Amino acid sequence: MSPGAAPHRLLPSETSFSTRLRSPAVAARVGVWLGVCFALAFVTGLISHAAQEPSWPFPTRPVWGYRVSQGLHVISGTAAVPLLLVKLWAVFPKLFVRPPRASRELLIHLAERGSIAVLVAAAIFQLATGLANSAQWYPWTFSFRATHYAVGWLAVGALVLHIAVKLPLITGALLGPLDEPTQHGVEPVAQVREGGLSRRALLRTTWAAAGVAVLATAGSTVPALRRVSSLGVRSGGGPGGIPINKTARAAGVTASATSPAYRLTIAYAGREVTLTTAELGELSRHTERLPIACVEGWSASGEWTGVRIRTLLELVEAPIGVAVRVESLQQRGSFRAIELPANFADDPLTLLATGLGGEPLSLDHGYPCRLIAPNRPGVLQTKWVTRLDVLT
Amino acid sequence: MRAVRWALGGFGLAAGGYAGWLLTRRPDDLLAVLAWLAGGVIAHDLVLAPLVLGVCLLGSRLLPARAHAGAVLALAVFGSITLVAIPVLVGFGAKADNPTLLDRNYLLGWMSIGALTLAASVVVAFRDRRGGT
């Protein structure tokens, strides 16, 4: 026992915990996979952020790019939950380290503990808000997208700083053996016995927990896992074989979308063409297999039938290479109107869909017509489209 | 190694600074964000961690040594699945007009994972006894 730690304090000290399983050998190995998960979530998060900024260039291929990227984002975040819990369990005694007395050491000690506190806070924040968001639960007042993005930078910044500080310890632990004989010099005060569990068994258990968390949820985006994922936020069902994110009722468009007065207006440089639902149906149509992939992580592939955006832009003689503002019948919401960048507007796969899975588009999927483009977040696949304005 | 550490540390501080700048650009949100950041740490350090330590202590006293590995498996798998399942179990995101969202029996799903985990931990306990470890 270290000389400073008296056994009868109210608070436990670092040496109150058994050290056999809570070793750097375990913490570093779990930490590597936790780091991989956070790195994946960060990179795919940046991709998703870029996809939602119309001023940032974003490719239209691969068609399934955003589906895979955002699916990975949510899957890696979910896998990180058990990894983070075991990592925190392994280093929990560090919470009770007594600060040094000398002022210089104290300063370094406080700085490191501060950075760890930021790391833990940001990591828990990202996983908790991300999981709640995937279930469309918003028990907070802040903007989810802006905050999850900012705290993502905070988590990765604190994580990389942590790796920089601990690098010699990490490399030593990873290069060294996993199994180490117990250090007999330390006699725990209030020992938490781990029984016959070996470090190897603890690691296997951790990987199992991460695997189960993924299998239980990933069916929302991986069709092969639909029957396995008993905790998935979507079973994958819905009209035309595709789930719905926001219903016509919730968007307040039921009356305007079904009204005989509905018109689609296409405008460019003072020219305006107005189409009824029937006239829209008379234009040349194409059927494309495209995924719809929501920012919340679920996705599904559908057979969309509709008119190419480019065909509609020809009606007002708009040149190639122009961006388009797509406006919905919705009166509220931040995605009521979106900007479709020029490369998406020109793409032959980008449709104003009027049908899905061989049936007319259902009201909740955006009747009379909705945007569907390759490699694009679902929030930007505007439903109940009423107006296309060519941006010049 | 020294240069790598300085480079990583520099990137980490810069990324953290950028995050701070992003957060202060939305001053109306700041207080709630800070409360949620602190709340997560408090929920883990003062509630979840002591709870898990208590369960471990209790388990180590009540269960025979050969059952420990299985019990830890059950705690880690089912404990983390329970946390992951909270949003779908409480179902506050469900909407009456949208039957395609949160459209599974989550209580049943959660309990089946519990049953499978329990079965796996029993198998582990018996395998460990046979193996004589």
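Odds and ends about this structure:
- Test: residue in the range B:42-61 that is farther than 30 Å from A:R200 by Cβ and in contact with a helix residue (DSSP H, G or I) (Cβ under 9 Å, 6 or more places away or on another chain): yes
- In the set B:G79, B:G114, only one residue is farther than 30 Å from A:V118 by Cα and not in a loop (DSSP other than H, G, I, E, B); that residue is B:G114.
- Set B:D45, B:D103, B:D29: member being under 20 Å from A:K87 (Cα atoms), within 7 Å of chain A (Cβ to nearest Cβ) and surrounded by 15 or more Cβ atoms within 10 Å (Cβ to Cβ): B:D45
- The range A:270-283 - residue that is surrounded by fewer than 12 Cβ atoms within 10 Å (Cβ to Cβ) and small (G, A, S) and, of those, nearest to A:L363 (Cα to Cα): A:A278
- Test for A:L391: is it surrounded by fewer than 22 Cβ atoms within 10 Å (Cβ to Cβ) and farther than 19 Å from A:C294 by Cβ: yes
- Of the criteria (1) within 9 Å of another protein chain (Cβ to nearest Cβ); (2) touching a helix residue (DSSP H, G or I) at 6+ places or on another chain (Cβ under 6 Å); (3) in a helix (DSSP H, G or I), which one B:A38 fails: (2)
- Any hit, the range A:135-144, residues being surrounded by 14 or more Cβ atoms within 10 Å (Cβ to Cβ), assigned to a helix (DSSP H, G or I) and facing chain B (nearest Cβ under 9 Å): no
- Qualifying residues in the range A:77-132 (those that are β-branched (V, I, T) and within 24 Å of A:T19 (Cα to Cα)) - the one surrounded by the fewest Cβ atoms within 10 Å (Cβ to Cβ): A:V97
- Filter pass, B:A96 being within 30 Å of A:T254 (Cβ to Cβ), more than 7 Å from every other protein chain (Cβ to nearest Cβ), out of contact with any Asp or Glu (no Cβ under 9 Å at 6 or more places or on another chain) and among the aliphatic types (A, V, I, L, M): yes
- Considering the range A:83-114, and only residues there that are touching a Gly at 6+ places or on another chain (Cβ under 8 Å) and assigned to a helix (DSSP H, G or I), the residue that is farthest from the other protein chains (Cβ to nearest Cβ) turns out to be A:K87.
- Looking at A:T60, A:T78, just one residue is at pLDDT 90 or above, more than 19 Å from A:L169 (Cα to Cα), in contact with an Asp or Glu (Cβ under 7 Å, 6 or more places away or on another chain) and not hydrophobic (A, V, I, L, M, F, W, C), and that residue is A:T60.
- In the set A:A218, A:A224, only one residue is away from chain B (no Cβ under 11 Å), more than 22 Å from B:L89 (Cβ to Cβ) and at pLDDT 90 or above; that residue is A:A224.
The values are calculated or read from the model by the stated rules, or taken from the named source; none is laboratory data. Treat the numbers as computed from the prediction; the structure is a model and nothing was measured. Neighbour counts are summed over all protein chains in view; Cβ atoms, including those assigned to glycine, are modelled from backbone coordinates with ideal geometry.
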